[in-house]
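To start, the structure under review is shown below, and the notes come after it.
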Amino acid sequence: MGLTSSLELDNPRPPALPRGGGPARSLRVVIVDEDLAVAEGLAILLELLGHEAWVAQDGPDGLAAIVTRRPDALVLDVDLPGMDGFTVARAARGLAGAEGLSIAGLNGWGLADDRRRSRAAGFDAHFVKPVGLAELAAWLATVQRRGDR
């Protein structure tokens, strides 16, 4: 992405990488969140972990990015305006070429019902904002292992 963030300005050293330094292989990740600062911040963190990341701010653009970028993973805000994250996840599962796509839901709620709804919509994981770097890196490691088989 080539973004400069206050994270980079305030702390020029990247955060310590979990378990062993970096990804076994780089993942392609699309992040969909209407809050551009949140989406770009996550993209920067993913790039620090060695992955490629693209940002979309709504459901239709997120689906278009899945088709054009062919990502391994999708980090998707559940509470998108218009086409919500549940609808986007269901639509993503039906896209040709997205059969192996791993989807993580992201929102401000982590109640059992929120997690149940995420699973029913086809999410593989559900994170509560703000998601921690270690938590996100651990999930991406499982995506990598799944793809390495």
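The values are calculated or read from the model by the stated rules, or taken from the named source; none is laboratory data. Keep in mind that this is a model prediction, so the values were computed, not measured. All Cβ positions, glycine included, derive from the backbone under ideal geometry; neighbour counts span all protein chains shown. What goes into the accessible areas is simple: the full protein's heavy atoms, side chains included, and nothing from ligands, DNA or RNA. Shrake-Rupley method; radii C 1.70, N 1.55, O 1.52, S 1.80 Å.
When nucleic acids and ligands are ignored and a 1.4 Å probe is applied, VAL128 ends up with an accessible area of around 50 Å². Per-peptide packing, taken as the mean over residues of other Cβ atoms within 10 Å, places 75-83, 92-100, 133-141 in the sequence 75-83, 133-141, 92-100 from highest down. The residues neighbouring ARG93, those whose beta-carbon lies less than 12 Å from its own, together hold a net charge of -1 under the Lys/Arg +1, Asp/Glu -1 convention.
From the alpha carbon centroid of segment 73-96 to that of segment 102-145 is 13 Å. Karplus-derived 3J(HN,Hα) values for segment 39-46, using 6.51 cos²θ - 1.76 cosθ + 1.60 with θ = phi - 60°, are 4, 5, x, 5, 4, 4, 4, 5 Hz; glycine and proline are entered as x.
Protein heavy-atom surface of segment 95-149, 1.4 angstrom probe: 55% of the accessible area is carbon and sulfur, with nucleic acids and ligands not counted.
Think of a 1.4 Å ball rolled over the protein heavy atoms: segment 21-149 then has 45 Å² of accessible area per residue. On the basis of the beta-carbon distance and an R0 of 22 Å, ALA120 and ALA37 show a calculated FRET efficiency of 0.15. The phi torsions of segment 99-107, fed into the Karplus equation with coefficients 6.51, -1.76 and 1.60 and a -60° offset, translate into couplings of 4, x, 5, 9, 10, 10, x, 9, 7 Hz, rounded to whole numbers, with Gly and Pro shown as x. Remark: segment 124-137, residue by residue, has Karplus-estimated 3J(HN,Hα) of 8, 8, 9, 10, 9, 5, x, 6, x, 4, 5, 5, 5, 4 Hz, where x stands for each Gly or Pro and the curve is 6.51 cos²θ - 1.76 cosθ + 1.60 at θ = phi - 60°. Accessible area of ARG69 (1.4 Å probe, protein heavy atoms only, ligands and nucleic acids ignored): about 100 Å².
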